[in-house]
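The values are calculated or read from the model by the stated rules, or taken from the named source; none is laboratory data. Remember, it's a predicted structure, so these values are computed and weren't measured experimentally. All Cβ positions, even for glycine, are placed from backbone atoms using ideal geometry, and neighbour counts span all protein chains on display. Surface accessibility is based on the protein's heavy atoms, side chains included, excluding ligands, DNA and RNA. Shrake-Rupley method; radii C 1.70, N 1.55, O 1.52, S 1.80 Å.
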Amino acid sequence: MSRSADSIYVPQGRFEVIDTPSVYVTAVLGSCVAACLWDEAVQVGGMNHLLLPPEAANESGVNLMELLINELLKKGARRNHLKVKLFGGARMINGISDIGLRNAEFAKEFFGFENIDIISESLGGDKARRIQFWPASGKARMRFVANDTIEKPAPPRPKVVEPAGDIDLF
C-alpha cells in the first residue's frame, strides 16, 4: 500500500484500519468490492479491497472480512455499532463469468449474516470506480472512471526473428 500525507492506497486483497480523522483510504475498483466499515462514535474504520479467487472463494472472503473486523475491534470499535458502505463489483469483461457480481453478492451476504447494516452501496454495472473513504467519520466519495484509464498489462511485444544465415537479396 502506498501512503501520502493524508491518504493510503489499499491494493487488492489488502485492508487498512484508520483512527485519524484527517486520513482517508482510497482504491480503484473494477470487479473488486471495497467494504468500508466504521464505528462513528469511536472514530475508527477501515477498508477491505476484496477480490475473491475462484477456488474457496467464500472461505478466503470470510477470512479477509474477519481480519478487518478484528483489527477494528482492537482499535476500540464495537461490533454492534459497525456500519458498512459497499462499492465495486462491476462486470469488466463481457463473455466470461461475472466475477464482479460474485464479489458483490458475497459482500452483501456476509454483512447480512453478520447483522452489520449496509448503509449504502454502489455495486455492479460495467464501469470502474475510484473510492475515497474517511474511516473515522464514514464519509465516502465515489466517481466512475473510464475503463480505458484502468491499468492494463502492456500488450506483448512482437517477436524478433533472427536470420538463420546469410540472405542474398536480388
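Brief remarks on what is shown
- Near Glu121, the amide H atoms lying under 5 Å from its own belong to Leu86; only residues 5 or more places off or on other chains count, and H is placed 1.01 Å from N.
- Take the Cα of Val62, step 7 Å toward its Cβ, do the same at Phe113, and the gap between the two points is 0.5 nm.
- Length gained on full extension, Phe144 to Glu40: 34.8 nm, using 0.36 nm per residue less the C-alpha separation.
- Cα gyration tensor shape for the range 83-141, rounded if a/c is under 1.5, else prolate or oblate: oblate
- Where the range 1-121 is the region considered: accessible area per residue in Å², 1.4 Å probe: 49
- Peptides ranked, highest mean first, by Cβ atoms within 10 Å: ranges 24-31, 103-110, 71-78: 24-31, 103-110, 71-78
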